[in-house]
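Report on the structure given below.
Please treat every number below as a calculation from the coordinates, not as lab data. This one's a predicted model, so the numbers in the text were calculated from it and none came from an experiment. Note: ideal-geometry Cβ built from the backbone for every residue, glycine included; neighbour counts use all protein chains shown.
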Amino acid sequence: MEIKIKVENLTFYYGNFKALDNISIDIEDRKITALIGPSGCGKSTFIRTLNRMNDLIAGTKVEGTILLDGKDIMKNEIDAVELRKRVGLVFQKPNPFPKSIYENVVYGPKRHGIKNKAQLDEIVEKSLQGAALWDEVKDKLHGSALALSGGQQQRLCIARCLAMQPEVLLMDEPTSALDPIATMKIEELFETLKKNYAIVIVTHSMQQAGRISDNTGFFLNGELVEFGQTDILFTKPRDKRTEDYITGRFG
């Protein structure tokens, strides 16, 4: 078991509101970790601490440590832009730029100084293949990304993330805006992606967590109530609150 991200005693505040309370969790490399729990319980806030996206919100405060490959990402000398390159985030709603498919994928690499066309072409093909989208769009790379279906747009956003050669992929409810067929395609894609990345996925769907994840964490009111192997957490939860949530007594 190789730990990619080790979170210890993480507490997070929006102003005076404590959104996360003393979270400790190990994210394994090349595994899918699902985070479940009712709306507003801290799941999205938690994954945004992993690449310091919350730094962009005024009035937030964070305590505790987050170690990526053993190095504390909370330290001032850590370059947050560089960190977000290593720890990519895909949002709930597909958010392609109003540009061509090609320009969407090369946006990040270009901003990081890659100008060579052959190199950019290679990044586009590799990233779109990695997101299982290449065969569907290879003949319309210079067409608008906004002309793609919702599921294709979300895979394009994943390709855009892969173009930065991340080590960790954070997914914030990546299929909640998609139909069942597009959802199935993205779930199949995760199975392939986890061979190369640590993946953390926030999901409202317990069925999805059960289908795709290796480990699951149950969040409630900013607290990580329980964390463990998915099959064990779903069949033999240790905490009554986990059991109540899984069996539909609340949430």
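So the values come out like this:
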| read-out | value |
| --- | --- |
| Listed residues ILE158, PRO174, SER213: farthest to the positive end of the dipole of the range 101-251 (Cβ charges) | ILE158 |
| Relative exposure of ILE73, ILE47, ILE57, judged by other C-beta atoms within 10 Å (fewest first) | ILE57, ILE73, ILE47 |
| Calculated FRET efficiency for the pair ALA58/MET184, C-beta based, R₀ 51 Å, to 0.05 | 0.80 |
| Cα centroid separation, the range 208-224 to the range 7-68 (Å) | 14 |
| Using alpha-carbon coordinates, inclination of helix 150-162 to the longest axis of the chain, degrees | 90 |
| Charge sum, other residues only, whose C-beta stays under 15 Å from ILE123's C-beta, Lys/Arg counted +1 and Asp/Glu -1 | +4 |
| Coil-residue trypsin sites (Lys or Arg not before Pro) of the range 91-166, DSSP, other Cβ within 10 Å capped at 11 | LYS115 |
| Neighbour net charge for PRO237 - beta-carbon separation under 11 angstrom, K R +1, D E -1 | 0 |
| Cα long-axis angle, helix 180-193 against the chain (0 to 90 degrees, to the nearest 10) | 90 |
| Magnitude of the charge dipole, the chain, Cβ model with Lys/Arg +1 and Asp/Glu -1, debye to 20 | 520 |
| Local net charge near GLY64, Cβ-Cβ under 12 Å (Lys/Arg +1, Asp/Glu -1) | -2 |
| Leading residue at positive end of dipole, the chain (Cβ point charges), from PRO94, THR11, HIS204 | PRO94 |
| The range 76-92-the range 117-172 distance, computed between alpha-carbon centres (Å) | 19 |
| Value of [θ]222 nm, deg cm²/dmol, for the chain, DSSP H segments ≥ 4, -39500 (n - 2.57) each, nearest 500 | -10000 deg cm²/dmol |
| Bins of 10 Å, starting at 0 and running to the largest distance - Cα pair percent for the range 147-212 | 20, 59, 21, 0 |
| Gained length - ASP26 relative to VAL81, 0.36 nm times residue gap less alpha-carbon distance | 17.5 nm |
| Fully extended contour minus Cα-Cα distance, from PHE250 to ASP121, at 0.36 nm per residue | 41.5 nm |
| Cleavage-rule hits, trypsin sites (Lys or Arg not before Pro), the range 45-87, DSSP coil, Cβ neighbours within 10 Å at most 15 | LYS75 |
| Length gained when the stretch LYS240-ASN196 is fully extended (0.36 nm per residue, less Cα-Cα span) | 12.3 nm |
| Helix axis angle, 101-111 relative to the chain longest principal axis, alpha carbon, degrees | 70 |
| FRET efficiency estimate (nearest 0.05) - Cβ-Cβ, GLU167 to TYR14, R0 30 angstrom | 0.60 |
